[in-house]
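This report concerns only the one structure given below.
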Ligand code: AHR
């Protein structure tokens, strides 16, 4: 009995050692063939951001020929700078950067350039003296998004006085800068538009809620909330409801991103306009890298196509057909 157990164990050991070595070698060889991409992501502050991360993970997968090293910077630029330096030390093939803010990238991108690593910027833009420090950029036209919102306010809210509560995103990010510039242009062009409260909610639901509560308890009198993303709008809606106000009837809500939850809130009459910001950059970045691998030159700047939704054009089919 004992002998047979030993024999079985020996057999198992032989099988494992016999097959294990070539298997590991095969895995390593397969790994060698993968394109290594270091992705410095802003954080996980919003549903948009989470959808963006998933899109990158799905596209830059091992089955597509990539090894993705993802770093979540928790909304801190200094963490992104450290992550990029780590990617350089690891000798990745490409660096993808979704920047927290526009400024402050010159030094670290010079280091990537010196190491010969191409840098692809996604989502937000960077402001940099030498644009040769990055290979290309793909993302949204945030100023156009702000202008779209203002044009809708002009055509749908009539000549009535607008008292606006403005929830800004991360100060210094392109998404905040462009959407704020759009609203500021609208304010300058309309005497009957007034800014009654403006603060940054950092694109998070919790801060959106906190700021609207604060505005209400300070007695701010507003009839429009211009929220620079969906999550802050969700927080704002919770705060309004908590104060016995009805979003969509007592206060018009304008938001950005157009995630599925927000689109459902349009159908429910709570959000009046949502300007789209498309997070599905994974396949776009994949296509850029594949083009570079073949020796091609992708366009330096690519703006993705975006639209906007209100009760006039939104349908269940549109919501069902969207990936986020
Ligand atoms: O840069 C895109 C913005 O960042 C999205 O509007 C927002 O939801 C995200 O956090």
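Values quoted throughout were computed directly from the atomic coordinates according to the rules given, and no laboratory measurement underlies them. Model, not experiment: these values are computed from the prediction. Neighbour counts are summed over all protein chains in view; Cβ atoms, including those assigned to glycine, are modelled from backbone coordinates with ideal geometry.
For the range 137-188, dividing the convex hull volume of the Cα atoms by the residue count gives 79 Å³ per residue. The Cα-based radius of gyration and maximum Cα-Cα distance (Dmax) for the chain are 24.4, 96 Å. The angle between the Cα long axis of helix 2-33 and the longest principal axis of the Cα atoms of the chain comes to about 60 degrees, rounded to the nearest 10.
Relative to one another, the C-alpha centroids of the range 181-223 and the range 72-129 are positioned 32 Å apart. The ranking of 324, 226, 234 by Cβ neighbour count inside 10 Å, starting from the fewest, reads 324, 234, 226. Of the two radii for the range 223-324, the radius of gyration is 1.14 times the Kirkwood radius, both from the alpha carbons; that is the Rg over Rh value.
When only alpha carbons are used to place a centre, the range 264-324 and the range 138-163 end up 18 Å from one another. Using the Cβ-Cβ distance between residue 315 and residue 245 with R0 = 30 Å, the FRET efficiency computed as 1/(1 + (r/R0)^6) comes to roughly 0.60. Residue-normalised convex hull volume from the C-alpha trace of the range 128-250: 115 Å³ per residue. With no solvent and one point on each alpha carbon, what is the Debye value of log10 I(q)/I(0) for the range 63-103 at q = 0.34 Å⁻¹? Log-scaled intensity ratios, in q order: -1.31. FRET efficiency for the pair residue 89 and residue 171, taken as 1/(1 + (r/R0)^6) with r the Cβ-Cβ distance and R0 = 22 Å, rounds to 0.10.
Relative contact order of the chain, taken over Cα pairs closer than 8 Å and 6 or more residues apart, is 16 percent. Please report, to two decimal places, log10 I(q)/I(0) for the range 220-276 at q = 0.12, 0.26, 0.29, 0.30 Å⁻¹ as given by the Debye formula with identical point scatterers on the Cα atoms and no solvent. Values, matching the q order: -0.21, -1.02, -1.26, -1.34. In the range 166-230, the C-alpha radius of gyration followed by the widest Cα-Cα span (Dmax) gives 11.8, 32 angstrom. Dividing the convex hull volume of the alpha-carbon atoms in the range 282-324 by its residue count gives 89 Å³ per residue.
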